[in-house]
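Below is one structure, written out as C-alpha cells; the observations come after it.
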Amino acid sequence: MGAFGARLCESDPAADAEIVSIFAAIHDSMRLNDGHDPEHGPRAAALAARLNGGPFELAADRLEILERACREHADGHVTDDPAVGVCWDADRLDLWRLGIRPDPALLSTEAARRPEEIEWARRAER
C-alpha cells in the first residue's frame, strides 16, 4: 500500500506524505484477523497516538488527521481532506490483493478515480 500512497501524493501536493506513509505502516497493524474486525481502525488510531513522540512526531493537528484516517479507513466514507483521502484511496487501491476491484465511487481523490490508476494498481498487485 505504501507505493499506492506515494504515487497518489505525487498527484496531490496538498496531501501530507508523512501522514500517508505512517498510515500505510500502521492502519491494519491492529487487526485481530483477516476477516471481519470492525474495531481494527479505532485500535490503529489509538496506536498512532501512543507512538507519536517516539518513532514519529506529529503536531496535534496532524496527529488528529492520522488518527481519523486510521479510525475510519474501513467505514466506506469518502472525504475532501487530501491527506485522509489519499490514505483511504491507497488502501482501497490495494483491494486488488483480495481480488476486489476498487469502486471509483468510494475513492476520494480525482487521481485515484482515474481508470489508468485503478489499472496501474491492479498490475502492481501481481
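Consider Asp94 against the criteria (1) open to solvent by less than 50 Å² (accessible area, probe 1.4 Å); (2) within 20 Å of Ala15 (Cα to Cα); (3) acidic (Asp, Glu); (4) in a loop (DSSP other than H, G, I, E, B): it satisfies all of them except one. Which criterion is unmet?
Just one mismatch for Asp94, condition (4).
Between Ala48, Ala17, which is hydrophobic (A, V, I, L, M, F, W, C) and either open to solvent by 50 Å² or more (accessible area, probe 1.4 Å) or more than 15 Å from the chain's Cα centre (by Cα) (or both)?
Values: Ala48 fails: either open to solvent by 50 Å² or more (accessible area, probe 1.4 Å) or more than 15 Å from the chain's Cα centre (by Cα) (or both).
When all the criteria are applied, what remains is Ala17.
Quick check on Leu63: is it modelled with pLDDT of 95 or more and either buried (at least 19 other Cβ atoms within 10 Å of the Cβ) or of a type in the set (Val, Ile, Thr) (or both)?
It is true that Leu63 is modelled with pLDDT of 95 or more and either buried (at least 19 other Cβ atoms within 10 Å of the Cβ) or of a type in the set (Val, Ile, Thr) (or both).
Which numbered condition in (1) assigned to a loop (DSSP other than H, G, I, E, B); (2) under 23 Å from Ala14 (Cα atoms); (3) without any contact (Cβ under 8 Å) to a residue 24 or more places away in the chain; (4) not aromatic (Phe, Trp, Tyr) is the only one that Leu63 fails?
Leu63 satisfies every listed condition except (1).
May I ask you to list the residues in segment 82-103 that are in contact (Cβ under 8 Å) with a residue 24 or more places away in the chain and of a type outside the set (Lys, Arg)? Give the derivation first.
Applying the first criterion (in contact (Cβ under 8 Å) with a residue 24 or more places away in the chain) to segment 82-103 yields 82-87, 89-91, 93-94, 96-97.
If the condition is that a residue be in contact (Cβ under 8 Å) with a residue 24 or more places away in the chain and of a type outside the set (Lys, Arg), then Pro82, Ala83, Val84, Gly85, Val86, Cys87, Asp89, Ala90, Asp91, Leu93, Asp94, Trp96 are the ones that fit.
The values are calculated or read from the model by the stated rules, or taken from the named source; none is laboratory data. Being a predicted model, the structure only gives us computed values, none of them experimental. Ideal geometry is used to build each Cβ from the backbone, glycine not excepted, and the neighbour counts take in all protein chains shown. Calculation scope for accessible area: heavy atoms of the full protein, side chains included, ligands and nucleic acids excluded. Shrake-Rupley method; radii C 1.70, N 1.55, O 1.52, S 1.80 Å.
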